[in-house]
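**Q** Quick one: this structure, given as structure tokens, is what I'll be asking you about.
Computed from the coordinates by the stated procedures, all read-outs in this text should not be read as laboratory data. None of the values given here were measured: they were computed from a predicted structure. Cβ: placed from backbone, ideal geometry, glycine included. Neighbour counts: every protein chain shown.
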């Protein structure tokens, strides 16, 4: 806590008067004190109050003396070396920020603002200085893959249901095309990864993604959540023709009448995740389009010759 | 004896895994029952021991490295029992008579033969029926004694025959 103290009225070296006023009385809170009709001087280091009759002043330091010293020592490194050190220091601070940000998600959320402004300043620098064309395009593509400009956040929507409703819409909007490209079905885990990648920094928790996907059906969105009997959850195009999927699977199986197919074979052939390939085969089995063969070689599926041949 | 002609299912690997889909399993069990009975008929197999069933050629195909697992064999045998093609010898269900014709069908066939060869109201010994020269061209020739007895019992139950005991030999009178 700062207090008034008696000190020398004369200015020390480097001290300069900034402002001064006459006939000033000091108060202790609301109470008047005996220190009245004085001369107040504000310097770059102190605030001084002096009665005309006295030679010494009452003073309060406005700035810690040692910081003045530090700024003085900094001045020594001017020139190119100094600038270089300055830049290096800034870089160190930035890289420290980055590594601290990735320590855990909590920190990341806390530092999100700094990170955003950092990325902005980088992009501004790129605009100002002509960095090589390759670097610029690469950086642009990074920024573009961050995707959603204005992610739905919990803070923006008060109630949890409102938040999930908006989130469901956002997921459907962002992922309709990728899901269509993947053949109409995408594993929930992949949906989680993709939406978080698209949002960049406003990360979602797995629970929120599941909640949002659960709501899709009620909102009449182009995507909806589907749970297989095995418990595997996928997001698929609403109204995806299950019969067609089964028929497609049966068609692929028919080409392997002799040796059958494992889930891995189907995954490779159709370019779908292993888990999804397995679900497709099981679904085909439920529709009597495939039959299983359990042996030491693992679980394989064959076309249902029991029906087609007899 | 001619080589048994295995059906196509026998070299189809999923045939040796019990199918999960109920409809498919039904078709699969149909095929199994048909295979076991026709195989038994061809090879003259009259009894199946549950503990040794997994060694039977019908339940494994070495050329495709597949064998019906024990619980699968159990299901097939139970299905055969349900269809009347297998009868347990006792309550422990460890052995069963394989009836590629059910006892009732055998009975009808024997009665038809008896009618055709004017044996109504006459008495035959069981040995005569199974091993006599006159039945040599009949399907029930060399039929297992126990199964023959079961067949005749079904006739007795429907009032078409009467079993008689001659001490160490048994006979039957067709009515």
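**Q** Can you give the mean number of other chain Cβ atoms that lie within 10 Å of the Cβ atoms in peptide B:22-28?
**A** 4
**Q** When the convex hull of the C-alpha atoms of segment A:160-237 is computed, what volume per residue in Å³ does it have?
**A** Residue-normalised Cα hull volume stands at 83 Å³.
**Q** At 4 °C and 1.567 mPa s, what whole-number value in µm²/s does Stokes-Einstein give for the translational diffusion of segment B:103-174, with Rh from the Kirkwood sum over Cα pairs?
**A** 110 µm²/s
**Q** In peptide B:59-67, how many Cβ atoms from other protein chains are near each Cβ within 10 Å, on average?
**A** For peptide B:59-67, the averaged partner shielding equals 1.
**Q** Per DSSP helix of 4 or more residues, -39500 (n - 2.57); summed, then divided by the residues of chain B. What does that give at 222 nm, rounded to the nearest 500?
**A** Values: 5 runs with 68 residues, N = 175.
Result for chain B, helices only: -12500 deg cm²/dmol.
**Q** Using Cβ contacts closer than 10 Å as the measure, can you line up A:270, B:124 from fewest to most?
**A** On the way: A:270 14, B:124 20.
So the ranking, lowest neighbour count to highest, is A:270, B:124.
**Q** How would segment B:27-91 be classified by its alpha-carbon gyration tensor: rounded, prolate or oblate, with rounded meaning a/c under 1.5 and the a/b versus b/c comparison settling the rest?
**A** It comes out rounded by the Cα gyration axes.
**Q** With viscosity set to 0.692 mPa s at 37 °C, what whole-number translational diffusion coefficient in µm²/s follows for the protein assembly as shown from Stokes-Einstein and a Kirkwood radius over Cα pairs? Please list the in-between numbers first.
**A** Details: Rh = 32.9 Å.
Taking Rh from Cα pairs, D becomes 100 µm²/s.
**Q** Label segment A:5-67 by shape, choosing from rounded, prolate and oblate, from the square roots a ≥ b ≥ c of the eigenvalues of the Cα gyration tensor; if a/c is under 1.5 it is rounded, and otherwise prolate applies when a/b is larger than b/c, oblate when it is not.
**A** In terms of gyration-tensor shape, prolate.
**Q** Using alpha carbon centroids, what distance separates segment A:254-310 and segment B:112-175, in Å?
**A** Segment A:254-310 and segment B:112-175 have Cα centres spaced 53 Å from each other.
**Q** First obtain the Kirkwood hydrodynamic radius of segment A:242-309 from its Cα pairs, then insert it into the Stokes-Einstein equation at 25 °C and 0.890 mPa s, and state the resulting D in µm² per second as a whole number.
**A** Estimated via Stokes-Einstein, D reaches 212 µm²/s.
**Q** Something else now. Can you work out the base-10 log of I(q)/I(0) for chain B at q = 0.08, 0.15, 0.17, 0.20 1/Å, using the Debye formula on its C-alpha atoms alone?
**A** -0.30, -0.88, -1.03, -1.26
**Q** Follow-up. If I take every Cα pair under 8 Å that is 6 or more residues apart in segment A:242-309, average their sequence separation and divide by the length, what percent do I get for the relative contact order?
**A** Answer for segment A:242-309 is 36 percent.
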